[in-house]
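Below is one structure, written out as structure tokens; the observations come after it.
The values are calculated or read from the model by the stated rules, or taken from the named source; none is laboratory data. In this text, all values refer to a predicted model and were calculated from it rather than measured experimentally. Here Cβ is always computed from backbone atoms with ideal geometry, including for glycine, and neighbour counts include all displayed protein chains. Heavy atoms of the whole protein, side chains included, go into the accessibility calculation; ligands, DNA and RNA do not. Shrake-Rupley method; radii C 1.70, N 1.55, O 1.52, S 1.80 Å.
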Amino acid sequence: MMPVGIEAINVFGGSACLDVERLAVHRQMDMDRFANLLMKEKTVALPNEDPVSFAINAAKPVLDGLSPDERAKIEMVITCTESAFDFGKSMSTYVQDLLELPRRCRLFELKNACYSGTAGLQMAVNFVLSQTSPGAKALVVASDLSRFLMEEGGDALTEDWSFAEPSSGAGAVAMLVSDTPYIFQVDVGANGYYGFEVMDTCRPSADTEAGDADLSLLSYLECCEQAFLAYQERVEGADYRATFGYLAFHTPFGGMVKGAHRRMMRKFGKVAAKDIEADFVRRIVPGLTHCQRLGNIMGATLPLALVSTIEHAEIEEATRIGCFSYGSGCCSEFFSGVATVDGQARVRSLGLKDQFDQRYALSMEEYETLLRESGVVKFGTRNASPYAGAMSGACKGTSAGPRLYLKAIREFHREYEWIA
């Protein structure tokens with residue numbers, strides 16, 4: 001079987017962030033429950049940031065590393081999101097245009113809650129494997145954000161977001177998929193998937209979210225177990241404890257992953273509690289590192305956990321990573337692939353920690369101002385000129401180059417600008 005997987009990857013973690021412990025104290029949350037989130041920061045989208053600007057800022061460095069001939073081989077652009085701002089027009093058209101990609105290109109969008117990024121990756125993998133266009137590449141960009149809205153003129157959120165507020169973030173991950181998988185070579189055919197209809201969480205409107213947190217946890221746990229059992233049926237001898245050097249989980253928050261891993265180790269490994277904790281630290285924590293700083297970025301969260309795993313793992317030889325993806329509603333998948341020393345070096349060269357460190361640190365007053373201003377770009381906006389207001393200092397480029405921001409919305413069409 002020909003090799004296939006992620007040739008290049010990049011993450012964009014936004015322009016502004018918030019210390020979520022400060023948020024929890026401000027909201028007078030139960031701090032014992034908050035500690036179980038295992039969260040540190042979350043990215044907060046500015047009014048002039050949206051899923052397209054996030055997607056472009058993630059994807060542009062990937063494409064800047066390609067020659068003109070290599071760019072011309074991109075024949076498919078898939079955007080993966082639950083944060084789209086149009087029921088019909090795909091964000092992939094903006095991505096193709098702003099990145100100046102070939103017009104002879106398939107452009108479409110996938111929506112399936114937090115599973116969308118994995119769905120896009122697997123679709124791209126199978127496109128490359130099909131060899132209907134030998135040598136072709138696919139660009140997959142998972143881009144999602146949460147906007148919490150404050151009551152007009154008030155001090156209360158429009159919804160009771162509870163512990164979803166500190167864990168819900170924003171960000172994007174861009175993956176170039178091809179037959180030269182320098183970053184992550186997918187194990188072809190090693191997939192276990194599992195899904196069923198459940199009303200655990202949903203977005204009844206584009207800018208609000210609803211659901212049952214306890215039901216979502218139970219669904220996540222069931223899917224993790226059943227998707228792995230399906231994986232075992234396809235991969236002879238697969239063992240949860242022994243087959244994978246590391247594990248990357250969809251991470252709504254770290255505590256949810258810790259609970260799922262504990263359950264899997266008890267069920268499939270018959271392991272003592274102290275050994276489970278040690279295994280969690282060794283095989284899981286590397287994948288949580290970036291997630292703890294950006295928050296749950298929905299369709300981009302599993303790709304973010306995979307990048308974090310590759311960057312922070314101890315990789316001295318080809319190492320297999322097991323991946324669990326979950327999207328509410330629901331669909332899940334357990335799959336695997338191999339990372340190498342060279343792939344790790346490429347990921348580490350991205351300087352993601354430095355990028356995240358450079359985000360503008362919001363005060364609580366600034367954060368709540370943003371909650372009032374973000375409604376200007378809510379779903380269905382016809383005309384607007386979003387502005388970051390007092391946080392305009394966050395809107396800037398970096399030493400790596402300018403960044404893209406939303407400039408205006410005119411008759412529903414979105415216009416963007418590069419800011420150095």
Practice item. Could you tell me which residue of the range 251-266 is most open to solvent (accessible area, probe 1.4 Å), considering only residues that are closer than 24 Å to GLY299 by Cβ and of a type in the set (A, V, I, L, M, F, W, C)? Key: PHE253
**Study point:** Pairs, first under 18 Å from THR208 (Cβ atoms) in the range 286-298, second among the basic types (Lys, Arg) and modelled with pLDDT of 95 or more, C-beta under 8 Å, six or more apart
**Key:** GLY295/LYS42
Review point. Checking PRO134 against (1) assigned to a loop (DSSP other than H, G, I, E, B); (2) open to solvent by 50 Å² or more (accessible area, probe 1.4 Å); (3) under 22 Å from ALA45 (Cβ atoms), which test does it fail?
Key: (3)
**Study point:** Pair list, Cβ < 7 Å and 6+ apart or interchain, from the range 53-72 residues that are more than 13 Å from ALA8 (Cα to Cα) and of a type in the set (Val, Ile, Thr) to residues that are loosely packed, with under 15 Cβ neighbours inside 10 Å and modelled with pLDDT of 95 or more
**Key:** none
Practice item. Determine whether GLU100 is within 22 Å of LEU404 (Cα to Cα) and either touching a residue at least 60 places away in the same chain (Cβ under 8 Å) or under 17 Å from the mean Cα position of the chain (by Cα) (or both). Key: no
Point to revise | Test: residue in the range 201-217 that is at pLDDT 95 or above and in a helix (DSSP H, G or I) | key: no
Review point. Restricting attention to the range 360-376, which residues are in contact (Cβ under 8 Å) with a residue 60 or more places away in the chain and hydroxyl-bearing (Ser, Thr, Tyr)?
Key: TYR360, TYR367, SER374
Point to revise | Members of the range 168-180 that are under 20 Å from the mean Cα position of the chain (by Cα) and open to solvent by 10 Å² or more (accessible area, probe 1.4 Å) | key: SER168
**Study point:** Where a residue in the range 228-243 is farther than 18 Å from VAL186 by Cα and its partner, wherever it lies, is of a type in the set (Phe, Trp, Tyr) and at pLDDT 95 or above, with Cβ under 9 Å and at least six apart
**Key:** LEU229/TYR194; LEU229/PHE334
Exercise for review: Taking the options GLY269, GLY237, GLY189, GLY287, name whichever one is closer than 30 Å to ASP50 by Cα and either surrounded by fewer than 17 Cβ atoms within 10 Å (Cβ to Cβ) or not polar (S, T, N, Q) (or both).
Suggested key: GLY287
Check your understanding: So is TYR115 open to solvent by less than 40 Å² (accessible area, probe 1.4 Å), within 18 Å of the chain's Cα centre (by Cα) and at pLDDT 95 or above or not?
Key -> yes
Check your understanding: Restricted to the range 272-284, and to residues that are within 28 Å of ARG348 (Cα to Cα) and of a type in the set (Asp, Glu), which residue is least open to solvent (accessible area, probe 1.4 Å)?
Key -> ASP279
Study note, to complete from the structure: Considering the range 337-356, residues that are in a helix (DSSP H, G or I) and of a type in the set (S, T, N, Q), and then whichever is least open to solvent (accessible area, probe 1.4 Å), we arrive at GLN344
Review point. Which condition number in (1) within 21 Å of ALA300 (Cα to Cα); (2) free of Cβ contacts under 8 Å to residues at least 40 places away in the same chain is the one that ALA84 fails?
Key: (2)
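For (1) hydroxyl-bearing (Ser, Thr, Tyr); (2) on the phi > 0 side of the Ramachandran plot, each residue gets a yes or a no:
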site: HIS250; (1), (2): no, no
site: PHE253; (1), (2): no, no
site: GLY259; (1), (2): no, no
site: LYS270; (1), (2): no, yes
site: ALA278; (1), (2): no, no
site: ARG282; (1), (2): no, no
site: GLY287; (1), (2): no, no
site: THR301; (1), (2): yes, no
Practice item. Name every residue in the range 203-240 that is touching an Asp or Glu at 6+ places or on another chain (Cβ under 7 Å) and of a type outside the set (Asp, Glu), in order of residue number. Key: ARG203, THR208, GLY211, LEU215, SER216, SER219, ALA227
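Here's the yes/no breakdown for (1) under 17 Å from the mean Cα position of the chain (by Cα); (2) within 25 Å of LEU217 (Cβ to Cβ):
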site	(1), (2)
MET1	no, no
ILE9	yes, no
GLY14	yes, no
ALA35	no, yes
LYS42	yes, yes
PRO47	no, no
**Study point:** the range 361-420, subset in a strand (DSSP E or B), among the small types (Gly, Ala, Ser) and under 21 Å from CYS17 (Cβ atoms), residue least open to solvent (accessible area, probe 1.4 Å)
**Key:** GLY401
